[in-house]
Amino acid sequence: MIIYELSRLSKLDLEEIWVWTLDNFSINQADYYIENLIYKIEEHCKHLDNKIVVEQHFLDYKYVLYQSHYIFYLKTSENKISIVRVLHQNRNITRILKNHS
């Protein structure tokens, strides 16, 4: 079974996404979106374990897309991935990830 951990920056990303959604929609929508984003990560981990997923790559990172957010991750061991960042598609992803390395 593949497990995941959230990096410090990915936790901050999730908090920012939640606050933005709260400010622009509602607390229910903010909770719903984050819950589904986390569900997407968990489901992706299940499929990675079964070798079903074709992994997408960007720079040195692998990613999965949830609605308008890219979930970037690195495999840290045989059964563990680290969620590095969760970034909106309109952000300057190349610059952010290059500065992350």
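Quick rundown of the values:
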| read-out | value |
| --- | --- |
| Members of region 62-101 found to be within 12 Å of S7 (Cβ to Cβ), within 11 Å of the chain's Cα centre (by Cα) and not aliphatic (A, V, I, L, M), listed by number | F72, Y73, S82, R85 |
| Odd one out for C45, checked against (1) at pLDDT below 95; (2) surrounded by fewer than 18 Cβ atoms within 10 Å (Cβ to Cβ) | (2) |
| Residue check, I96 in contact with a helix residue (DSSP H, G or I) (Cβ under 8 Å, 6 or more places away or on another chain) and not in a loop (DSSP other than H, G, I, E, B) | no |
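The rows are residues; the columns are (1) modelled with pLDDT under 95; (2) touching an Asp or Glu at 6+ places or on another chain (Cβ under 8 Å); (3) of a type in the set (K, R); (4) exposed (fewer than 12 other Cβ atoms within 10 Å of the Cβ).
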site	(1), (2), (3), (4)
N28	no, no, no, yes
H69	no, no, no, no
N92	yes, no, no, yes
I96	yes, no, no, no
S101	yes, yes, no, yes
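The values are calculated or read from the model by the stated rules, or taken from the named source; none is laboratory data. Note that the structure is a prediction, hence the values are computed from the model and not measured. Cβ coordinates were reconstructed from backbone atoms using ideal geometry, including for glycine residues, and neighbour counts include every protein chain displayed.
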